[in-house]
Amino acid sequence: MNTPHITLWIVGAGGFGREVAAYAQDAIDAGHLDARLAGFLDDTDADPQSLGCPLAMGGPIDAFRPQHQDRVIIAVGEPSDRAAIAARLEAVGAHFATLVHPLAYVSTRATLGPGVIVAPFATVGPHAMVEAHAVVNTHAGIGHDCRIGAASVIAPHAVLNGWVVAEAMVLVGSSAVVTARIGLGAGCKVAAGSVVYSPVPAGALAIGNPARLSRLG
Ligand SMILES: CC(C)(COP(=O)(O)OP(=O)(O)OC[C@H]1O[C@@H](n2cnc3c(N)ncnc32)[C@H](O)[C@@H]1OP(=O)(O)O)[C@@H](O)C(=O)NCCC(=O)NCCS
């Protein structure tokens, strides 16, 4: 058996971290990812092994000193935290893996940035661009020609119709729908189950069907 080319660290040992660890192991087992799973980087006293996860803790994020074979992937759910952690890791010279679960569909005409996670049963359509550290979670659908900004999180079962442009650090909640060509401003949130027919300004919360706007608290 050949030695894997990369050593993969998962940043964040919470529930999403344990999901991402499982997705990475699936990708390795399917032969889609030539990696060895090393463990979690996390600043808390999380204990994923007590919850049945085989991966060990590898220490706090700022103590990480990447070796040439190391790659990291951020498994934290809050978009602004994803962006901040990415900046800390970039500052120490870390390189990022892109993780696509074997059961996801990503068009060969789509573009995925470093650190992107595409979870099982998610779809990313042709000419879509998913920027660095964004997450397309389970069963989410990214339509053709969408742009998903850096560190944004598209939650399970959310659907973005074609040509939607989400700027950086956007959260689209579970089962929300964003209709075609709508713009989502940086740092905005779309509440779970909402249906968005109009642009959402930066930093706003869109909630309900049809979604109405309010400021984030
Ligand atoms: C919209 C959201 C951000 C609001 O969170 P919050 O600020 O903690 O708000 P609260 O839970 O205090 O609720 C405030 C009000 O909004 C309502 N509300 C909350 N979420 C709602 C939703 N998704 N749709 C409709 N109404 C909602 C509440 O019923 C409450 O109404 P009230 O003032 O009449 O009692 C949150 O509910 C949400 O939808 N988050 C996304 C969750 C998600 O999908 N995460 C992804 C995980 S991978």
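The values are calculated or read from the model by the stated rules, or taken from the named source; none is laboratory data. What you see is a predicted model; the values in this text were computed from it and never measured. Methodologically, a virtual Cβ is constructed for each residue, glycine included, from the backbone with ideal geometry; neighbour enumeration extends over all protein chains shown. These accessible areas exclude ligands, DNA and RNA; they are computed on the full protein's heavy atoms, side chains included. Shrake-Rupley method; radii C 1.70, N 1.55, O 1.52, S 1.80 Å.
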What's the number of the condition residue 211 fails, among (1) in the same structural domain as residue 141 (by TED's automatic domain parsing); (2) open to solvent by less than 50 Å² (accessible area, probe 1.4 Å)? (1)
Checking the conditions here, which among 151, 206, 180 is assigned to a loop (DSSP other than H, G, I, E, B) and either closer than 24 Å to residue 114 by Cβ or within 14 Å of the ligand (Cβ to nearest atom) (or both)? 151
May I ask you to list pairs of residues, at least six apart or on different chains, whose Cβ atoms are under 6 Å apart, with the first in region 6-29 being over 18 Å from residue 96 (Cβ atoms) and touching a residue at least 12 places away in the same chain (Cβ under 8 Å) and the second being in a helix (DSSP H, G or I) and not aromatic (Phe, Trp, Tyr)? 18/48
For residues that are over 21 Å from residue 84 (Cα atoms) and open to solvent by 40 Å² or more (accessible area, probe 1.4 Å), tally how many sit in region 184-204. 6
Filter region 157-172 down to the residues that are free of Cβ contacts under 8 Å to residues at least 24 places away in the same chain and open to solvent by 10 Å² or more (accessible area, probe 1.4 Å), then identify the one that is farthest from the ligand (Cβ to nearest atom). 163
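Criterion first (out of contact with any Asp or Glu (no Cβ under 6 Å at 6 or more places or on another chain) and within 13 Å of the ligand (Cβ to nearest atom)) does residue 132 satisfy it?
Considered against the rule, which asks whether it is out of contact with any Asp or Glu (no Cβ under 6 Å at 6 or more places or on another chain) and within 13 Å of the ligand (Cβ to nearest atom), residue 132 comes out as no.
Check whether at least one residue in region 58-76 is part of a helix (DSSP H, G or I), touching a Gly at 6+ places or on another chain (Cβ under 6 Å) and modelled with pLDDT of 95 or more, and report yes or no.
Checked against the condition, which is being part of a helix (DSSP H, G or I), touching a Gly at 6+ places or on another chain (Cβ under 6 Å) and modelled with pLDDT of 95 or more, region 58-76 yields no hits at all.
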With the condition kept exactly as written, say whether any residue in region 31-53 is open to solvent by 30 Å² or more (accessible area, probe 1.4 Å), in contact with a Phe, Trp or Tyr (Cβ under 8 Å, 6 or more places away or on another chain) and under 14 Å from residue 73 (Cβ atoms). no
